[in-house]
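Trainee: I am attaching a structure below and will ask some questions about it afterwards.
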Amino acid sequence: MADGTQILRRNRPGSKAKDFCRWPDQPFEEMDNTLAVQQLIQQTIRRDPSNLEAILKMPEAQEEGVWKYEHLRQFCMELNGLTVRLQSECKPNTCTQMTATEQWIFLCAAHKTPKECPAIDYTRHTLDGAACLLNSNKYFPSRVSIRDSSVGKLGSVCRRVYRIFSHAYFHHRAIFDAFEKETHLCKRFTYFVTKYSIISKEILILPKLDDEVPINQPVGESEA
Amino acid sequence: MDDSSVSHHNGGQVGSEIGVSVNNKQNEESSQSVQYSIPGILHFIQHEWARFELERSQWEVDRAEFEARIAFLQGERKGQENLKNDLVRRIKMLEYALKQERGKFHKLKYGVELQQGDMRPPPEEPPVEPDPAERAQWKQGRQLIKQYLQEIGYTDTILDIRSNRVRTLLGVNNEEQSEESNYRNCDKHHYSTNTALGRKMMMYDYGGKDQQCKGAVSGGYNEEGLSVQENAVFANFEFLANQEMDMDEIEDIDAKQAHHTQMKQGEEVDHEAEEVLNELNLLTETEADGGGQGDEYVVKFPSGSSTSGPAGEADEKPLALGELAQLTVSNEPEAYDVAGASKESFRKTWNPKYTLRSHFDGVRAVAFHPNEAALVTASEDHTLKLWNLQRTVPAKKSAGLDVEPLYTFRAHSGPVLCLAMGAPRSEECFSAGKDGTIRVWNLPSATADPYDPYDAAVQGPVLRDHTDAIWSLASSHGRLLSASADGTARLWSPRAPRPLLATLRDDTTAGDPAAADFADAATRAAVAYNDGTLLLYDLETAQVVLRVSCSSPTTRVRSHPTLPVLVTAHEDRHIRFWDAVSGRCAHAMVAHLDAVTGLALDPNGLFLLSGSHDCSVRLWNLDTKTCVQEITAHRKKFDEGILDVAFHPVRPYIASAGADGLAKVFV
């Protein structure tokens, strides 16, 4: 996609799906705009979604709050993909409650009084709520620096988001596996929350997934 | 000749024969001389007399008519003059009232008398001084208002107090606080015509003025200054003349006149004139709303007066500023004058009002609802979101008007790249994206709760014939046009059992379709390719009927709603206009500093909106092809800035969508 001397990292109308975002990586130091961290994360994921080390290697001198925030945005965004797949199978009449193991029923926190939403509603509401919170002008007015008090909000989002993984894992395993194979999202998420101690280990109820996902498999179309 | 025959026919009737045309007269006389008879002559003379009399009376009637007309016009002129004088007086009234109020405010705030000039009556008064007849009228008016005051419970005592207060203001003596509040009360009544808005305006002005007042010792009224003032006042006459005089108001003002003539304050006259004008503007604005506000204010204010000055001020000022902002807007000259000024949807400048934040990645497309204040955005985060601009977020957010999405559409398995809104009342929209599918959506109602249970019925049919990313959608009359990187543009009837109506493909074109739009009352399709080619297909035959090409890749194409004109946006920063009949390039202009990515035409075809990777939105006058407004709206992600722009079909909204994940709505 490089045209002449200057590389313009753009998706031009009319370009093929396979050319989408197919431009040379830009070194993080050269990214001079406010969305640099998002750009870096997406760029690294595009290169190899299975390379968790690389994806979660925070650049030096990067503010950790922003780093975590941008990663969580990316998780929520990619979870849309899982939700789309779940929508076809996870029906309100079959999965009437948000459960993973039989141990807990999760109440949907999107409502004024937490509600026993069906799993698909829980999933959608949680993602919608997360989108609201993470885009809230009040808590996250800037994507360059984030107050500590707002960073604290990320924990609860992570906890709820993890339940989507766990529900898919325990109740819609085929979907989960297919999705995970493509995106390595749950693995990345687990790595992320463990690395930054966002969720306590006891809550991470999924078995270790490393064995199930061949690490160096060539990745097809996985977009940001 | 036939003279003889005439005379014979007429017999002795001389009169009628006289009426025969002049060039025959000589002959007649010679031939008729023998026929003269006394009765005939008498009859003739009588007849002539009657005729002259008739004419004379006609002239008299005419004359009387003209005299009446002259009198009428004179009267009218006099009336106009009186009106003018009245208005001038009225302006002065307001001015004095303002000053009085200012003095009082100053005193309340600083506890000291505002230094004022002599009490001599204004030397400038004579020009507007009423003649005796008018004075009688005033007297009557004053009487009348006194009556009114009594009716609503104001007694003479209060009126007396009021005149005391005037003296107080003039620095004659100090008074007690309790009295002060009384004064306020009755003063308020007199001000009721000014209405709340006007009052706030004044309060605001005082804030800025106090320093001046404190420092400046007045030197009485400045003659030159007053004339400046008058000029300004007269300049505004046209505006005033249009305004209906409210009799109550005039009487109220007349009642004040007595006090005004007694007092003077030295101030900067230019400012005063300005204030008076502003105030009058406010008056007209508020008069439209009815006088209710003024009364309300009277009730409200006394409590405010009992609080300390600064606190009251803190309450007032933001409000006043708000009104002031409104005022400046209304006073701004029209930046562009739309042909149909009646069309409310076009105003001079667009200002950002709503920021739509909820997408996690760049927003690729934005489309307004056909009639509601709602819009849909499509994003690279694989979702679409529905927004209702009339349901803004409750007060928990600090900054302005944020809108939360009403609904999130999830079904695409890749970035959503384009969007089209269905016909009015169909309550549907279409989206397509990198995954090569076109999805039909049934829009949830504008009152839906974002956290309602999932309703699968929102998802409509899915059109899967395209084999690559779809970059453009257009909808018209229930048909859908898509342009895909698989090399084809397709025409659909989205809800039909066999939705694909036609595939538009041109093998001689090297590029892939980047954009498409219906043209020529939806009988043709304009398809723009990413190699710069622009093809016009006939939708009946699916054949190319027009082919134009240019050097730069095309990013968008839009057809003019009323004219056979196609507008294309290009990578090379140009916007080009094409004659859709001849294929001639009618106009080409460098429109932005970077690739142009978004195009939208307003429903009347008068304005063009463009967006670019240079992060600016520009509004163009299609007539002159000049830029009438530029808005810098978004931030870059990689090298992408703005990705789409849109006009609301019927409401005064425009929107932009950016790679930064935001959409913005301007009003």
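The values are calculated or read from the model by the stated rules, or taken from the named source; none is laboratory data. All values reported here derive from a predicted model rather than from experimental measurement. All Cβ positions, glycine included, derive from the backbone under ideal geometry; neighbour counts span all protein chains shown. Heavy atoms of the whole protein, side chains included, go into the accessibility calculation; ligands, DNA and RNA do not. Shrake-Rupley method; radii C 1.70, N 1.55, O 1.52, S 1.80 Å.
Trainee: Over all distinct Cα pairs, what is the inverse of the mean 1/r for the range B:412-516, reported as the Kirkwood hydrodynamic radius in Å?
Mentor: Working: mean 1/r = 0.0704 Å⁻¹.
Here the Kirkwood hydrodynamic radius works out to 14.2 Å.
Trainee: Taking 0.36 nm per intervening residue step and subtracting the Cα-Cα distance, what contour gain separates B:Ser37 from B:Gln74 on full extension?
Mentor: Details: separation 37, 0.36 × 37 = 13.32 nm, distance 5.49 nm.
Contour length minus the Cα-Cα distance gives 7.8 nm.
Trainee: Mean 1/r over all different Cα pairs, inverted: what Kirkwood radius does the range B:351-484 give, in Å? Numbers along the way, then the final one.
Mentor: Numbers: mean 1/r = 0.0662 Å⁻¹.
15.1 Å is the Kirkwood radius here.
Trainee: If I ignore ligands, DNA and RNA and count only protein heavy atoms, how much of B:Glu427 is accessible to a 1.4 Å probe, in Å² to the nearest 10?
Mentor: It works out to around 70 Å².
Trainee: List the residues of the range B:633-666 whose accessible area drops by at least 30 Å² when all protein chains are present, compared with their chain alone, using a 1.4 Å probe and counting only protein heavy atoms.
Mentor: Listed in order, they are B:Arg635, B:Lys636, B:Lys637, B:Phe638, B:Asp639, B:Glu640, B:Asp660.
Trainee: Something else about it: Ignoring everything but the protein chains, give the 1.4 Å probe accessible area of A:Lys201 in square angstrom, nearest 10.
Mentor: A:Lys201 exposes around 140 Å² with every protein chain in place.
Trainee: In nm, to one decimal, how far is the modelled label at B:Arg635 from the one at A:Ala174, with both set 7 Å along Cα→Cβ?
Mentor: 4.4 nm
Trainee: Across the Cα atoms of the range B:599-667, what radius of gyration and what greatest pairwise Cα-Cα distance (Dmax) are found, in Å?
Mentor: 11.7, 35
Trainee: Okay, which of the range A:111-148 sit inside 18 Å, backbone N to the point 7 Å along the Cα-Cβ direction of A:Ala61?
Mentor: Those under the cut-off are A:144-146.
Trainee: Give the span of the range B:539-603's Cα atoms along each principal axis, as three whole-Å numbers ordered largest to smallest.
Mentor: Principal-axis extents of the range B:539-603 (Cα, largest first): 39, 29, 19 Å.
Trainee: How much FRET efficiency would the formula 1/(1 + (r/R0)^6) give for A:Gln26 and B:Thr503, where r is the Cβ-Cβ distance and R0 is 45 Å, rounded to 0.05?
Mentor: On the way: r = 38 Å, r/R0 = 0.85.
Here the calculated transfer efficiency is 0.70.
Trainee: Take B:Ala542 and B:Ala64, extend 7 Å from each Cα along the Cα→Cβ direction, and tell me the distance between the two endpoints in nm.
Mentor: Calculated label separation equals 8.8 nm.
Trainee: Okay, next question. Enter the angle in degrees (range 0 to 90, nearest 10) between the Cα long axis of helix A:64-87 and the first principal axis of the Cα atoms of chain A, meaning the one along which they spread out most.
Mentor: 60 degrees
Trainee: What dipole magnitude, in Debye to the nearest 20, does the range A:128-167 give about its Cα centre under +1 on Lys/Arg Cβ and -1 on Asp/Glu Cβ? Numbers along the way, then the final one.
Mentor: Numbers: 7 positive and 2 negative charges, 12 e Å.
The dipole of the range A:128-167 has a size of about 60 debye.
Trainee: With charges set only on the Cβ (+1 for Lys and Arg, -1 for Asp and Glu), what does the dipole of the range B:452-549 come to about its Cα centre, in debye to the nearest 20? If you can, show how the numbers build up before the last one.
Mentor: On the way: 8 positive and 13 negative charges, 52 e Å.
Around 240 debye, computed over the range B:452-549.
Trainee: Right, next: Applying 1/(1 + (r/R0)^6) with R0 = 25 Å to the Cβ-Cβ distance of B:Thr562 and B:His587, what FRET efficiency is obtained, to the nearest 0.05? Mind dumping the intermediate values first?
Mentor: Details: r = 17 Å, r/R0 = 0.67.
After rounding, the FRET efficiency stands at 0.90.
Trainee: Calculate, in nm to one decimal, what B:Thr349 and B:Ala456 gain on full extension: separation in residues at 0.36 nm each, minus their alpha carbon distance. Walk me through the numbers on the way to the answer.
Mentor: Working: separation 107, 0.36 × 107 = 38.52 nm, distance 4.16 nm.
Full extension from B:Thr349 to B:Ala456 adds 34.4 nm.
Trainee: Read phi for every residue in the range B:534-539 and hand back ³J(HN,Hα) as whole Hz from Karplus 6.51 cos²θ - 1.76 cosθ + 1.60, θ = phi - 60°, with x for Gly and Pro.
Mentor: Along the range B:534-539, the couplings run 10, 10, 10, 9, 7, 7 Hz.
Trainee: Would you pull out the residues with amide H under 5 Å of B:Thr467's amide H, same chain only if 5 or more places away, H placed 1.01 Å from N?
Mentor: Answer set, sorted by chain and number: B:Asp486.
Trainee: May I pose another question? Between B:Ala591 and residues 5 or more places away or on another chain, which pairs have amide H atoms under 5 Å apart, with H built 1.01 Å from N, and which residues are they?
Mentor: Under 5 Å from the amide H of B:Ala591: B:His574, B:Ile575.
Trainee: Return a single number: how many Lys pairs in chain A, at a sequence separation of 8 or more or on separate chains, have alpha-carbon atoms below 23 angstrom apart.
Mentor: 28
Trainee: Please average, across the residues of B:506-517, the number of beta carbons from any other chain that are within 10 Å of each residue's own beta carbon, and give a whole number.
Mentor: Partner-chain Cβ atoms within 10 Å, mean over residues of B:506-517: 1.
Trainee: May I ask you to derive the FRET efficiency for A:Lys16 and B:Asp465 from their Cβ-Cβ distance with R0 = 22 Å, giving the value to the nearest 0.05? Mind showing how you got there, number by number?
Mentor: On the way: r = 16 Å, r/R0 = 0.75.
Once the sixth-power term is evaluated, E becomes 0.85.
Trainee: A follow-up question, please. Mind listing the long-range amide H neighbours of B:Asp644? Cut-off is under 5 Å, sequence gap 5 or more, other chains count too, H placed in the peptide plane at 1.01 Å from N.
Mentor: Hits under the 5 Å cutoff: B:Ala657.
Trainee: Let me ask something else. Principal axis extents for the range A:135-186, Cα atoms only, whole Å, descending order, please.
Mentor: Dimensions of the range A:135-186 along the principal axes of its Cα atoms: 39, 19, 15 Å.
Trainee: For the Cα atoms of chain A, what angle does the longest principal axis make with the long axis of helix A:119-134, in degrees from 0 to 90, nearest 10?
Mentor: Helix A:119-134 sits at roughly 50 degrees to that axis.
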